[in-house]
1. Which one of V104, V117 is within 14 Å of G168 (Cα to Cα), open to solvent by 30 Å² or more (accessible area, probe 1.4 Å) and of a type in the set (A, V, I, L, M, F, W, C)?
2. Within the stretch 14-21, is there a residue that is at pLDDT below 95 and crowded, with 16+ Cβ neighbours inside 10 Å?
3. Every residue in the stretch 167-205 that is farther than 16 Å from A155 by Cβ, in contact (Cβ under 8 Å) with a residue 40 or more places away in the chain and among the hydroxyl-bearing types (S, T, Y), please.
4. Among the numbered conditions (1) among the β-branched types (V, I, T); (2) part of a helix (DSSP H, G or I); (3) touching a Ser or Thr at 6+ places or on another chain (Cβ under 6 Å), tell me where V103 comes up short.
5. Among the small types (G, A, S) and either out of contact with any Ser or Thr (no Cβ under 7 Å at 6 or more places or on another chain) or open to solvent by less than 10 Å² (accessible area, probe 1.4 Å) (or both), is that true of S86?
6. Pairs, please: C-beta under 7 Å, at least 6 apart or cross-chain, first residue β-branched (V, I, T) and in the stretch 97-126, second open to solvent by 50 Å² or more (accessible area, probe 1.4 Å) and modelled with pLDDT of 95 or more?
7. Could you please let me know if R77 is open to solvent by 10 Å² or more (accessible area, probe 1.4 Å), under 28 Å from E147 (Cβ atoms) and more than 19 Å from the chain's Cα centre (by Cα)?
Amino acid sequence: MSPDAVSPDAVSPHALAAARREVAECGRRMIADGLVLGTAGNVSVRVGGLVAVSPSGMAYDRIEPADVAVVDLDGNRVDGPHAPSSETPMHLGVYAATGATAVVHHHGLHSAAVSTVLDELPALHYYVLQLGGPVRVARYATYGTPELARSVHAALEGRTAALMQNHGAVAYGDTLEQAYDRARLLEWLCTLHVTATGMGTPRALTADELAAVARRRTEVPA
């Protein structure tokens, strides 16, 4: 799925149908993995000049591919019986700023908890390098607003995931599978932080230690 903007008319119906199916399936996966409750969170996949995104206010276990909304890159609904997620502006902002083709936003308990305490998730584990480095917390703004989209954009600079203050987490990728893996990894890192701080004051890796890991990864496969 190319991230290049093209006329919606040029989008393959097969590719768009596959994207809608991926979005519906990912919602069920978030429930199974305990990353969302009810209708919280949202998922999107970009196909050229169109974006398939979770419908607003609909329980994930009820969403079928035909329920998934389709919008253009300006946020106009072009297909689907339901309104798109209220967080669609945030998703579109990520697509506008990156080469991503998928975005996952979840309300994992530990991600949400950490977002209420920290301005940046420290590097307690070198896995944080898979997200670009210590994870920033986007400044709070009301969900679904341009202010939140701008705040998330700033937090994602040089990163592939971010926390959202008093809200949850967001991650993007070249595929939905990659975006989801990053979103799950962020929840794991937040769980590690919560667990470690419950035992005492955790030791964070230094910039030099992270740089050494990055060099090592270029020498030896993980």
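1. Sole residue among the options that is within 14 Å of G168 (Cα to Cα), open to solvent by 30 Å² or more (accessible area, probe 1.4 Å) and of a type in the set (A, V, I, L, M, F, W, C): V117.
2. Checked the stretch 14-21: no residue is at pLDDT below 95 and crowded, with 16+ Cβ neighbours inside 10 Å.
3. Those that are farther than 16 Å from A155 by Cβ, in contact (Cβ under 8 Å) with a residue 40 or more places away in the chain and among the hydroxyl-bearing types (S, T, Y): T175, Y180, T191.
4. Of the numbered conditions (1) among the β-branched types (V, I, T); (2) part of a helix (DSSP H, G or I); (3) touching a Ser or Thr at 6+ places or on another chain (Cβ under 6 Å), the odd one out for V103 is (2).
5. On the way: among the small types (G, A, S): yes; either out of contact with any Ser or Thr (no Cβ under 7 Å at 6 or more places or on another chain) or open to solvent by less than 10 Å² (accessible area, probe 1.4 Å) (or both): no.
In short, no.
6. Close Cβ pairs satisfying both conditions: T101/D174; T101/T175; V114/V194; T116/N166.
7. Yes.
Quick grid of which residues meet (1) of a type outside the set (A, V, I, L, M); (2) surrounded by fewer than 20 Cβ atoms within 10 Å (Cβ to Cβ):
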residue	(1), (2)
G158	yes, yes
A162	no, no
V170	no, no
T175	yes, yes
Y180	yes, no
L189	no, no
T195	yes, yes
P202	yes, yes
L205	no, yes
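The values are calculated or read from the model by the stated rules, or taken from the named source; none is laboratory data. These figures come from a predicted structure and were not determined experimentally. Note that we place each Cβ from the backbone using ideal geometry, even for glycine, and neighbour counts take in every protein chain shown. To get the accessible areas, we keep the full protein, side chains included, count just its heavy atoms, and leave off ligands, DNA and RNA. Shrake-Rupley method; radii C 1.70, N 1.55, O 1.52, S 1.80 Å.
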